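Nothing in this text is a laboratory measurement; each read-out follows from the coordinates by a stated rule. From a predicted model like this one, the values you see are computed outputs, not experimental measurements. When we count neighbours, we look across all protein chains shown, and the Cβ atoms used for this are built from the backbone with ideal geometry, even at glycine.
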Amino acid sequence: MQRIFVCILACFLVIGCATSSQNSNIPDPPDAVVYQVLSTSSLPGVMDAYALNMYALLRAKSYRVTQDISYVRVQQPIDAVAQVYDQAAFSQGWSIDPLIPARERRMLRSYRKGNAVVIVTLFAEVNSRDGVVVMRITGER
């Protein structure tokens, strides 16, 4: 009986290793720092709503979240930050979903590789000297 249990456990381990997640690391720009809410920020409420929508979107499309949402701030224009993420994704073999037009100082990028997806949302502060806040969530089917 123990041998059967050990064989079944070994099978689960082998299957688990064979289906491990792909490299879902699209690096942040080199000058990115961990985002901290500023008292003058216009973003926290907007980002909270986007975060809830991203979780719901991934679940609706049968993805499971593999990395919780992370936030960084980048002191560059929003278009330049989007280009950095696009180039990093392409260089690591990710494909980019059709671009959604930027809206109200916000951009959304979605990258796919195999059964993994990374969604990057860029938020420009009303006061542009504060840079861009990047919200990233990773999921897998």
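Quick notes
- Taking Cβ atoms as reference points and 15 Å as the exclusive limit, the residues near I119 contribute a net charge of +4, counting Lys and Arg as +1 and Asp and Glu as -1.
- Under the Karplus curve 6.51 cos²θ - 1.76 cosθ + 1.60, θ = phi - 60°, whole-Hz ³J(HN,Hα) for the stretch 97-104, x wherever Gly or Pro sits: 5, x, 5, 9, x, 4, 8, 6
- For the stretch 26-140, projected area of the alpha-carbon convex hull averaged over all directions, nm²: 6.8
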